[in-house]
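Input: a single structure, listed below in structure tokens.
The numbers here are math on the coordinates, done by the rules we state, and not lab data. Worth saying up front: this structure is predicted, and the values here are computed from it rather than measured. Ideal geometry is used to build each Cβ from the backbone, glycine not excepted, and the neighbour counts take in all protein chains shown.
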Amino acid sequence: MKLKLTTLALGAVMAAGPVMADLVFPALSYRTGPYAANGIPFADGYQDYFTLLNERDGGIGGEKIKLMECETGYNTEKGVECYESLKGEGSLVFQPLSTGITYQLIPKMTADGIPMHSMGYGRTSAKNGEVFRGIFNYPANYWDGASAAVNHIMDVDDIKGKTIALVYHNSAYGKEPIRTLEELSKKHDFNLTLIPVDHPGQEQKSQWLQIPPRKA
Amino acid sequence: MFYREAGDFKTTYTQDSQTFPIKFDRIRYYLVLAFAFLVVPFIINDYWANALILPFLIYAIAAIGLNILVGYCGQLSLGTGGFMAVGAYACYKLMTSFPDVSMFIHVILAGAITAVVGILFGLPSLRIKGFYLAVATLAAQFFLVWLFNRVPWFYNYSASGQISAPERDTFGILITGPNAPAWMTYLFCLIFLTVCALIARNLTRGSSGRSWMAIRDMDIAAEIIGVNPLKAKLTAFAVSSFFVGISGALFFSIYLGAVEVGEAFSIQKSFLVLFMVIIGGLGSIFGSFAGAAFLVGLPVALKVLGVDILGWPTDIVSHIQLIIVGGLIIMFLILEPHGLAQLWNLTKEKLRLWPFPH
């Protein structure tokens, strides 16, 4: 269902813009700022993949791909500026690469009819395609992740009465799985300890020391 | 030649004490207002509104607010980000609790709530000064951000801890949300900026402004000649926080639509607004505008130049931006410590004699 929707959305956008010579893929990357350490590899990889498609296959379906990069620095205001400057370029799909910017852009992109792909981050409830028609968060989201982790622990060991500590980034990026874990802790009867780490999170010693060592 | 007092006779006290005593200035002022209200709404588009003009208008309100506190009353504050957060969260709670009330009222009420919080955190200023007060307001900054992150009631128990502005209209036209037209959001912020600037300008020319400046220049002397420091300092905190709260409310509801307190209202924001005030000119309303325009416009201008025109990699441009903005701040502080407003004043002095300097 989801795949079909994506294809439909992509198809619709492609059909709408045949005058464009290139397929425009905007890349909202964060190569600077406190989180650049994981922003640079992603931005490079995204760029490399489209270069590969251009060089090896001559683009997608014979159409060359044009990647337009915009630096957000993981900052919401810059993200808005990037979106506004790139949306007029015939952009096909946006990857905001920040949960804050994702929340910011979901209403705007829905109004503008541009699809968004937030893979593994962003707004989990956007999985409901009835409400969020152009927002896609496959292959996984925060709730999937939390549930998969708990399931795995249950496969390995008995979880009842034990404690799971969630050390999370104290922002929208880190808070989303909390609800799921709270529900699961009630269902499977384990304790949940929530330990927030504030931006930018370079110093985490005190947080980790709050987790008592496991008794052998 | 055009810019001079000569021949412009003032026959009443009202004329004598007007804001713009020179005719050329007055005409220019009305032309700018007419252009902003009657021309810009027809030509503005989404990009200009969201990338440049809305942030400029909103930061200008915040800079005016901070300028009243730092520039006119001499009370150094690093809590601007926290106070903007109070405005934003107050506006959010009001918007979600009373959906039928006009946004004008919500924004003003958000400012009023921030003013109360500002007075509360301004109380220590009666005992401590200078750097120590800066540290006390820094505590306000961190406390407020922590509070809005910690207590779920403020963000209506949303899963991500973010606040998102629901769609609201004013006079039947959408003003918040993605479908709000650019000209409406622009006009809304422009009205607030114009009214705030007028209030600030007239307050600072009146008795309260004079008592603030007396406190700034020498508080003991001011106390001896009869200025009540309690009243002067707390009114400065109240008025300043009121403006900062309005800007925070607009920043959240009109400009961004969704904010996360730790990211949007961090200590960075306090510094940004303080830099606007310092670069623009301490103790000048025009300086607040100039500083906001400079610090909002410069990064965008550099980005357009570096990425769109020269085609450099985005990260290089972003780093160069930091270097250039930092360098310019230092250059300004060395070459013109009184900010852009002083440059403007010098230009006006020169204009008076132009083209025949003696």
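If you put +1 on each Lys and Arg Cβ and -1 on each Asp and Glu Cβ, how big is the dipole of the protein assembly as shown around its Cα centre, in Debye rounded to 20?
Charge dipole, the protein assembly as shown, about its Cα centre: 1360 debye, nearest 20.
With only Lys, Arg, Asp and Glu charged, each at its Cβ (+1 for the first two, -1 for the last two), find how big the charge dipole of segment B:31-263 is about the Cα centre; round to the nearest 20 debye.
660
Of B:Trp153, B:Val135, B:Ala165, whose Cα points farthest to the positive end of the dipole of segment B:31-263 (charges on the beta-carbon: +1 Lys, Arg; -1 Asp, Glu; origin at the Cα centre)?
Positive-end residue among those listed: B:Val135.
Beyond a 28 Å Cα-Cα separation, which of these cross-linked pairs lie in this structure: B:Lys303/B:Lys348; B:Lys23/B:Lys231; A:Lys78/A:Lys205; A:Lys108/B:Lys269?
B:Lys303/B:Lys348; B:Lys23/B:Lys231; A:Lys78/A:Lys205
Would you please name the trypsin sites (Lys or Arg not before Pro) within segment B:72-165 that are DSSP coil residues with at most 10 other C-beta atoms within 10 Å of their C-beta?
Hits after loop and neighbour filter: B:Arg127.
What lysines could a cross-link reach from A:Lys187, if we take a straight Cα to Cα line under 22 Å and drop same-chain neighbours fewer than 8 places away?
A:Lys160, A:Lys162, A:Lys175
Mind listing the phi-derived Karplus ³J(HN,Hα) values for segment A:41-54, rounded to whole Hz, using 6.51, -1.76 and 1.60 with θ = phi - 60°, and x for any glycine or proline?
Residue by residue, segment A:41-54 yields x, 5, 4, 5, x, 4, 5, 4, 5, 6, 4, 4, 4, 5 Hz.
Aspartates and glutamates near A:Lys186 by alpha-carbon distance under 16 Å, same-chain residues fewer than 8 away left out - which ones?
A:Asp158
Using +1 at the Cβ of each Lys and Arg and -1 at the Cβ of each Asp and Glu in the protein assembly as shown, identify which of B:Leu54, B:Gly111, A:Thr193 lies farthest towards the dipole's positive end.
It is B:Gly111.
Out of the GluC sites (Glu not before Pro) in segment A:105-192, which ones are loop residues according to DSSP with at most 16 other C-beta atoms within 10 Å?
A:Glu130
How far is helix A:142-156 tilted, in degrees, relative to the longest principal axis of the Cα atoms in chain A, given as a value from 0 to 90 rounded to the nearest 10?
The angle comes out near 40 degrees.
Taking only Cα atoms of the protein assembly as shown, what ratio of Rg to Rh do you get with Rh as the Kirkwood inverse-distance radius?
1.01
At a Cα cut-off below 19 Å, give the aspartates and glutamates reachable from B:Lys129, other chains included and same-chain residues fewer than 8 away excluded.
B:Asp217, B:Asp219, B:Glu223
Using each residue's phi in segment B:294-304, evaluate 6.51 cos²θ - 1.76 cosθ + 1.60 at θ = phi - 60° and report the 3J(HN,Hα) Karplus result to the nearest Hz, with x for Gly and Pro.
My calculation for segment B:294-304 gives 5, 7, 7, x, 4, x, 5, 4, 5, 5, 4 Hz in order.
Can you find, among B:Leu302, B:Tyr89, B:Ser240, the residue sitting farthest towards the positive end of the charge dipole of chain B, where Lys and Arg contribute +1 and Asp and Glu -1 at Cβ?
B:Ser240
When B:Leu133, B:Leu333 are ordered from fewest to most other Cβ atoms inside 10 Å of their Cβ, what list results?
Final ranking by Cβ density, sparse to dense: B:Leu333, B:Leu133.
Tell me, B:Met276, A:Met109 in order of fewest to most beta-carbon neighbours within 10 Å?
A:Met109, B:Met276
What's the center-to-center distance, using Cα atoms, between segment B:17-36 and segment B:79-125 in Å?
Spelled out, the Cα-based centre of one part sits 32 Å from the other.
Can you sort A:His152, B:His338 so the residue with the fewest Cβ neighbours within 10 Å comes first?
Least to most surrounded, the residues fall as A:His152, B:His338.
Check A:Thr163: other-chain or 5+ apart residues with amide H under 5 Å from its amide H, H built from backbone geometry?
A:Asn191
Segment B:193-234 to segment A:179-195: how many Å between their Cα centroids?
Each part's Cα centre sits 55 Å from the other's.
Given charges of +1 on the Cβ of Lys and Arg and -1 on the Cβ of Asp and Glu, with all other atoms neutral, how large is the dipole of chain A about its Cα centre, in debye to the nearest 20?
620
For chain A, state the semi-axes of the equivalent ellipsoid (square roots of 5 times the eigenvalues of the alpha-carbon gyration tensor), sorted largest first and rounded to whole angstrom.
They are 37, 20, 16 Å, listed from largest to smallest.
Of all alpha-carbon pairs in segment B:31-263, indicate the percentage at a distance above 24 angstrom.
The answer is 45 percent, as a whole percent.
Let's test the formula: R0 of 35 Å, r as the Cβ-Cβ distance of A:His152 and A:Gln207. What FRET efficiency results, to the nearest 0.05?
0.95
Rounded to whole Hz and in sequence order, give me ³J(HN,Hα) for segment A:182-191 from the Karplus expression 6.51 cos²θ - 1.76 cosθ + 1.60, θ = phi - 60°, writing x for Gly and Pro.
Per-residue couplings from phi come out as 5, 5, 5, 5, 5, 5, 9, 6, 10, 8 Hz.
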